[in-house]
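Enquirer: The structure's right below; bear with me while I get my questions together.
What follows draws every value from the coordinates through simple rules; no lab data is involved. None of these values were measured; they are calculated from a predicted model. So basically every Cβ, Gly included, is an ideal-geometry build from the backbone, and we count neighbours across all protein chains shown.
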Amino acid sequence: MGQCGITSSKTVLVFLNLIFWFVIILLLVFVTEVVVVVLGYIYRAKVEEEVNHSITKVYDAYNGTNPDAASRAIDYVQRQLHCCGIHDYTDWKTTSWFKETKNNSVPLSCCKASVSNCTGSLTHPTDLYGEGCEALVVKKLQEIMMYVIWAALGFAAIQLLGMLCACIVLCRRSRDPAYELLITGGTYA
């Protein structure tokens, strides 16, 4: 019977030690998440600058062929977001693709879905999407960043609750005399 008491006391101490390290690890993960959320919120304004730089490079690389990754990306974005060009459809006039084709038109992905016989000609601007893609891409990316930030905050709140519960268990067990080792004269009582 005494052996069971000693064993259970050691088990409780091991359990309390495990809870302590669990709280420490949760605290480190929690702090990391908070830092990521704060940095994400601070740097979300830089998204516009990075998108502007990247989208300009991709538009310059556009060649109108389907296998080309830049061309597929631009066509996909313009169709999905219902936009044309960087700021508007006139941005295509400055691209090398526009100068090489010499047909005074923009890619067919700029055509409104409701217009059936659109050729992308700049002589019919009402057939084209009027809004540029940059603002819409920035808006979408910032929207996604906010979802990530809210999800991280939700997980952080759950972890904070877990740490709180573990600390409560740790504090109650460490103060409870039923779980203390009784040492008298160097031997276990």
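Enquirer: Please list the non-local residues whose amide H lies under 5 Å from the amide H of residue 128, H modeled 1.01 Å from N, same-chain partners needing a gap of 5 or more.
Expert: Placed amide hydrogens put 112 under 5 Å from residue 128.
Enquirer: Mind giving me the FRET efficiency for residue 124 and residue 54? R0 is 30 Å, r the Cβ-Cβ distance, nearest 0.05 is fine.
Expert: E(calc), rounded to 0.05, equals 0.50.
Enquirer: To make sure I understand the rule: partners must be lysines, Cα under 16 Å from the Cα of residue 93, and not fewer than 8 residues away in the same chain. Which ones qualify?
Expert: Excluding near neighbours in sequence, the set is 57, 102.
Enquirer: Summing Lys, Arg as +1 and Asp, Glu as -1, what charge do residues with Cβ under 15 Å from the Cβ of residue 137 carry, residue 137 excluded?
Expert: That works out to -3.
Enquirer: How much FRET efficiency would the formula 1/(1 + (r/R0)^6) give for residue 164 and residue 38, where r is the Cβ-Cβ distance and R0 is 22 Å, rounded to 0.05?
Expert: Approximately 0.55, to the nearest 0.05.
Enquirer: I've got another one for you. Cα atoms only: what Rg and Dmax, in Å, come out for region 32-138?
Expert: When restricted to the Cα atoms of region 32-138, Rg and Dmax are 15.9, 55 Å.
Enquirer: Something else: So for region 67-117, averaging the separation of alpha carbon pairs under 8 Å that are six or more residues apart and normalising by length, what relative contact order in percent results?
Expert: Once divided by the residue count of region 67-117, the mean separation gives 39 percent.
Enquirer: Obtain the nm distance between the two label points defined at residue 141 and residue 153 by a simple spin-label model: each point lies 7 Å from its Cα along the Cα-to-C-beta direction.
Expert: 2.2 nm
Enquirer: Another question, then. Any chance you could run the full-extension gain for residue 76 through residue 103? It's 0.36 nm times the residue separation minus the Cα-Cα distance, nm to one decimal.
Expert: 7.5 nm
Enquirer: How long is the gain from residue 171 to residue 22 if the chain were fully straight, where each residue apart is worth 0.36 nm and the alpha carbon distance is subtracted?
Expert: So the chain would gain 52.2 nm between residue 171 and residue 22.
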